[in-house]
Amino acid sequence: MAEVSLERVTKVFPGGVYACRDISLTVRDGEFFVLLGPSGSGKTTLLRIIAGLERPTSGRVYIDGVDVTDLPPRKRDVAMVFQTWALYPHMRVYDNIAFPLRIRGVPRGEIDRRVREVAKLLGIEGLLDRYPRQLSGGQQQRVALARALVRNPKVWLMDEPLSNLDAILRVHMRVELKRLQRELGITTIYVTHDQAEAMAMADRVGVMNQGVMAQVGSPQEIYDNPADTFVASFIGNPPMNLVEADLDQELPRALTPAGYIDLPEDLHRLARDRGLSRVVVGFRPEDTALAPPSGDRIKGRVVVVENLGSDLIANLEVEGAIVKVRVTRSTAARFPPGSEASMIVDPARVKLFNPSTGKRVDLE
Amino acid sequence: MPLGDSLERFAPHLFLFPALALVALFIVVPLVWNVYLSMTNFKLVGPTARDYDFIWIDNYVELLRDEIFKRSVWNSFLFTLFSAIIGQVVLGLVLAVVARASLPPTPLGRLLAAARTLALALVFASWVVPEVVAGYAWAAATEKGGLVSSLLGLDYRVYAEHPLASIIVANIWRGTAFSMILFIAAMEAIPRSIYEAAEVDGATPLQRFRYIILPMLAPVILVDFILITIWTFNVFTQPFMMLREATGKEVLWTIYVYSEAVKLFDPSLAAAAANIMFVVVLSMIVVYLVLLERVGVWQRA
Amino acid sequence: MQALRQNRLLLAVAALIVIIVVAAAVYFLALRQPETVELTIEYGQPWEDLVKPAIEQFKREMEARGVRVEIREILIPYGVDIAQRITSDLAAGTAGDILIVDSFLIPSYAEAGYLLDITDLVNEWPDWEKFPEPMQRIVMYQGRVYGVMIDTDVRMIWYRKDIFEMAGLPRDWQPRTWEEILEAARILKQNEDKIKAALGIDEFYPLYIPAGTNWGEATTAQGFYMLLLGADKPPYNRLYDYENNKWICRSTALWRAFKFYIDVYSTGLGPVDYNFVADVWGTHRKVFAEGRVAMNIGGSWEWNEGWGPQGIAPIPNREEVVGFAKMPGYRGGAEGEPQFVTVSGGWAVALNAKLAEDEDKLRYAWEFVKILASKENLARYAAQYGKVAPRLDAREVPEYARDPYLSAILEFLEFTDFRDALPGYPEVSAIIQEVTERIAKGEITDPDEALNLYCEELKRAVGEDNVIELPVRRG
């Protein structure tokens, strides 16, 4: 059992900058938990607080139910992989991996057995005699993982470990890392700013924004039901379209100068009951279709069609804002850039947000 | 072979020529000249200023026969060992570690930090003070009734009774700042994540120093050794200011050379002494370079 | 077209050549008049106030004669060893035409062929007679003259009248023999406690005579020679035997001089420690000013530089408490020994040997020397710095005559003497420094042992063939 709990953790840096604000979180035993957020959102600080490299200004940190807030890193039994991998340049690969065991006084034979075991697991047996300088980025990455693995820590902490790798290697390492973590069942907290990485690897994701935990949930939950406009605009590629509109007090629809968008009846009622007159309508590009201009439906002009390989994304200019719509090749052919089009949104997939708080209407 | 081709082939050597010529002019020629000079009886004044003879190794024989010279060389060696290698490097390293240690943002921590800043400024100042001034200051401090003498509770002229120890301490005082600055810079160059990785890997502060900082600084430490060994072996002003000729000539070879050669306008004897010391220092440096090759292998891997 | 262009080029080159040739001719024939003198003078900053006005005066006088003078100065600043610098420049061939050199190095320079023999020039110069005979001999080597003294000094026994009084000794004191000096020292020693209590000091020594290598040349010039020159009758009172051209290895005079050192330093009369401090010069002035030393064998400059109002260790009531006495000979003039002795050193203006190749230059350089070393210039400079002037007619110059101290010490010049500054002298001096150092340290307490060590080292330094041993009368 290695469960990590944060209880109302706040970190204020000198000068009054809040890196983390009142964060409570429990990472379950064996879970792959990703902290996701743009740079400066406080995710790395949070990770360093768990590692013991920073002290929280207030709040407590528990590992396995033990309060470790005041313990130095070496007494927490966590292992960390750094963004730069932080290999010891003066030690050979073997000694790098053996280091955590050596300083704990593990017997020589045992060290040798475990170093070779981990090296084999990561496929770096052939590199043990080299110095870090002689390794490629991917190889260094594996050595860093091996060093973090070798002593069976309770928790694995990773700070953007893949961001210094090239794109192909990165995708490859994602899979491998995930496989390794599942096999070993180590509780893992992984920091990244890459939402695709988070989606691909996480059991659960915590999205952070300006020091606040915006939403915690499985990748699917977060994608389907973003808790607020920040999460909505941060997750997904391209992200959710957000259009501010007036709430029609009679019919279930939202009105913009360019036309209306259909809303699901229950959400419309909820919003109206809350007394909202303006709402932010959120809808994903794949839940939207283009049609020839007709009636009062929201209209716009196709500006450009992006080719993402498997998908085509039509950029529709609506009242000076861009709305993204996923289209098929045949649809794209029908609406070349410069043509007018109406937009049909699947009402069942529409989310409504409160424009003043940013929160989803049905969660408030 | 057309002219253009051969020109192209030799052009790189041609471009090297000015640099090589300068090296020859300013390093090789003086070196050879010094060896030649040391084998003559040339003096700046008197009849041998005009007509000097080649006397082979007489100057060297004279030096090696001189008990005071031999004593001064041995003492210079001890002086370098204790003041440069042990004193400045070890103390410089300790100060560098202290300078970088993080202190808690409590009132006491802030007080300590301020005291540390002041102390480091003083260390640095000792390096900036002109040597002559520093020499006089130390002579005064180790006088009978001087600051250092009184603090030690010694009622005599400390620099006269313990000349070697006095100039060792004074030289450590003066030279440590250089090593400290060098080590601070080298430690700054180690990425913070390396320290943190070691911390998370479970190393105690002492283990971090022993296994991470020290081996990573080793090449810099050796370079520091090389530099300060040369400087310390050739140091003159501050010890001379403290000991002058009477005591100094038995303690430092540079003061011996001053006493025997410079004062008597005898450059050939001075050249012989300088050549002997050149060989001594060179052999020490060769040892360092061999060590450097060993400890720095990871840097060139 | 092509041909035309080439012709034009040819024309241009030809024109250029003509212009250069004409310009060069004009320069050499018209502009470079023979009546321009260029001289370089190399000297240390201490003589700036003497040299600068002399240069101006020289320029004025030459201009009156229709000669344009250009003088380049190589000024060696304070803090640089002037003798070292000039010696190096001479050896390198870059020294000035006119030089102000340490008189003590003149024989070494002359032997090395660096300096011009100016014997014939001084013989035709009426002022030469105004330099007392010792001031003339000091710039000679093997009978030839190589310079003119511009700055000198004499040495004496400085003593504290107030301390003498405390010990019941006369305020106006002039010893006649060495024994009288030692006797006064012993009386002072007996009154040590009284003196310490009166002055509030923790140490007291009757007599300080420089010893050891920290004093460097001063040990020999200021200590040893003050004894040696009075220790026997001439010519046995020297380091060098001019008749046989050998260094003296053993002599009565040497024995007596070493014995005096032993008498002073092995009996507690002299301050051993003060010879081994880092700053011997500053210390010897300070301890005299504080009364820790009652008799101090030192130089004439101390009156101002040491104890004057702007001195290193000012004594406020200097006129009242500081006295000076002439150093007596061993037995005060008995058996042909000198009655009084003093030693002079100092600096002389000399000419670079390379001037021999340029008669014009040499003529003007000598003109400059005559102006520099004129009565008025030397007297004024000496008065300004409170030093003894090297010319006896300085007392005719009001600025000099006004100072009673300066007038009083002028008489020392009549009996002054100087060191045997021959090539090789620096080594010999170093040996004396060494032997007196061992005496002061208490390692040698027997004058014969001191003499043996001296003789042994001397043979090693100058060669056995170059020394002579004279009979030694012990006592």
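One table, with the values for the structure above:
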| quantity | calculated |
| --- | --- |
| Cα convex hull of chain A - mean projected area over all directions, nm² | 21.7 nm² |
| Calculated log₁₀ intensity ratio I(q)/I(0) where the Debye formula runs over C-alpha points of segment A:179-276, q = 0.17, 0.19, 0.23 Å⁻¹ | -0.86, -0.97, -1.17 |
| Which of C:Ala394, C:Pro46, B:Phe17, positive extreme of dipole for the protein assembly as shown (C-beta unit charges) | B:Phe17 |
| Two-site FRET efficiency, B:Ser102 against A:Glu340, from Cβ-Cβ distance with R₀ of 60 Å, rounded to 0.05 | 0.40 |
| Full-extension gain in nm, A:Leu270 to A:Ser218, via 0.36 nm per residue minus C-alpha separation | 16.2 nm |
| Cα centroid separation, segment C:328-362 to segment C:417-448 (Å) | 21 Å |
| Within segment A:166-250, GluC sites (Glu not before Pro) in DSSP loop having at most 16 other beta-carbon neighbours inside 10 Å | A:Glu250 |
| Which of C:Gly200, A:Gly236, C:Tyr261, positive extreme of dipole for the protein assembly as shown (C-beta unit charges) | A:Gly236 |
| Accessible-area ranking of B:His13, B:His162, largest first, probe 1.4 Å | B:His13, B:His162 |
| Hull volume in cubic angstrom per residue (convex hull over the Cα atoms of segment C:26-175) | 200 Å³ |
| Chain lengthening between A:Ala333 and A:Lys120 when straightened (0.36 nm per residue, less Cα-Cα) | 71.4 nm |
| Average beta-carbon neighbours from other chains, 10 Å sphere, peptide B:190-196 | 5 |
| DSSP-defined beta bridges in the protein assembly as shown - what % are antiparallel, rounded to 5 | 70 percent |
| Ellipsoid equivalent to the protein assembly as shown - semi-axes via the Cα gyration tensor, in Å | 91, 40, 30 |
| Accessible-area ranking of B:Leu7, C:Leu227, B:Leu227, largest first, probe 1.4 Å | B:Leu7, B:Leu227, C:Leu227 |
| Helical segments meeting 27 Å axial Cα length and Kyte-Doolittle -1.0 threshold in chain C (DSSP H) | C:2-26 |
| Highest-first arrangement of C:277-284, A:352-359, where packing means the average Cβ count within 10 Å | C:277-284, A:352-359 |
| Spatial extent of segment B:78-178: Rg and Dmax, with the Cα atoms as the point set, Å | 15.6, 47 |
| Entries in B:Lys249/C:Lys189; C:Lys161/C:Lys286; C:Lys161/C:Lys441 that, when Cα-Cα distance is taken, lie over 25 Å | B:Lys249/C:Lys189; C:Lys161/C:Lys441 |
| Accessible-area ranking of C:Asp193, B:Asp201, largest first, probe 1.4 Å | C:Asp193, B:Asp201 |
| Cα-based reach from A:Lys299 at 26 Å (exclusive), listing lysines while leaving out same-chain residues under 8 positions away | A:Lys324, A:Lys351 |
| Residue mean of other protein chain beta carbons inside 10 Å, A:75-87 | 4 |
| Within 10 Å of each Cβ in B:37-48, the average number of Cβ atoms from other chains | 5 |
| Cross-link partners of A:Lys43 among lysines (Cα-Cα below 26 Å; sequence separation of 8 or more within a chain) | A:Lys11, A:Lys75, A:Lys154, A:Lys178, A:Lys359 |
| Segment A:236-275 - charge dipole about Cα centre, Lys and Arg +1 at Cβ, Asp and Glu -1, debye rounded to 20 | 100 debye |
| Label-point gap, in nm, between B:Leu151 and A:Ala289 - each point 7 angstrom along Cα→Cβ | 9.0 nm |
| Dipole magnitude of segment C:224-272, debye to nearest 20 (Cβ charges: Lys/Arg +1, Asp/Glu -1, about Cα centre) | 60 debye |
| Residue-wise HN-Hα coupling along segment A:297-312, computed from phi with Karplus coefficients 6.51, -1.76, 1.60 (Hz; x: Gly, Pro) | 4, 4, 10, x, 10, 6, 9, 8, 10, 8, 9, 9, x, 6, 10, 10 |
| Partnerless Cys - the protein assembly as shown, beta-carbon criterion under 4.7 Å | A:Cys20 |
| Pairwise label distance in nanometres, C:Ala25 with B:Arg71, each label 7 Å out on the Cα-Cβ vector | 7.7 nm |
| Sorted peptide list for C:170-181, C:383-394, C:309-320, criterion being average Cβ within 10 angstrom, highest first | C:383-394, C:170-181, C:309-320 |
| Nearest-20 debye value, the protein assembly as shown charge dipole, Cβ charges on Lys, Arg, Asp, Glu | 4280 debye |
| Long pairs among B:Lys263/C:Lys233; B:Lys43/C:Lys459; C:Lys59/C:Lys361, criterion Cα-Cα beyond 21 Å | B:Lys263/C:Lys233 |
| Estimated inter-spin distance, C:Arg85 and C:Thr267, nm [label 7 Å along Cα→Cβ] | 4.6 nm |
| With 5 Å bins from 0: P(r) over segment B:68-300, alpha-carbon pairs, percent | 1, 6, 12, 14, 16, 15, 12, 10, 7, 4, 2, 1, 0, 0 |
| C:Phe276 - accessible surface, heavy atoms, 1.4 Å probe, Å² rounded to 10 | 20 Å² |
| Unit charges at the beta carbon, dipole of chain A: most positive-side option, A:Pro355, A:Val323, A:Gly40 | A:Gly40 |
| For A:Val361, net neighbour charge (Lys/Arg +1, Asp/Glu -1) across residues whose Cβ lies under 9 Å away | +2 |
| At R0 = 30 Å, FRET efficiency that the Cβ-Cβ distance of B:Phe10 and B:Glu188 yields, to 0.05 | 0.10 |
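The values are calculated or read from the model by the stated rules, or taken from the named source; none is laboratory data. Just so it is clear, the model here is predicted, and its values are computed rather than measured. Cβ coordinates were reconstructed from backbone atoms using ideal geometry, including for glycine residues, and neighbour counts include every protein chain displayed. All accessible areas refer to the heavy atoms of the entire protein, side chains included, with ligands and DNA or RNA removed. Shrake-Rupley method; radii C 1.70, N 1.55, O 1.52, S 1.80 Å.
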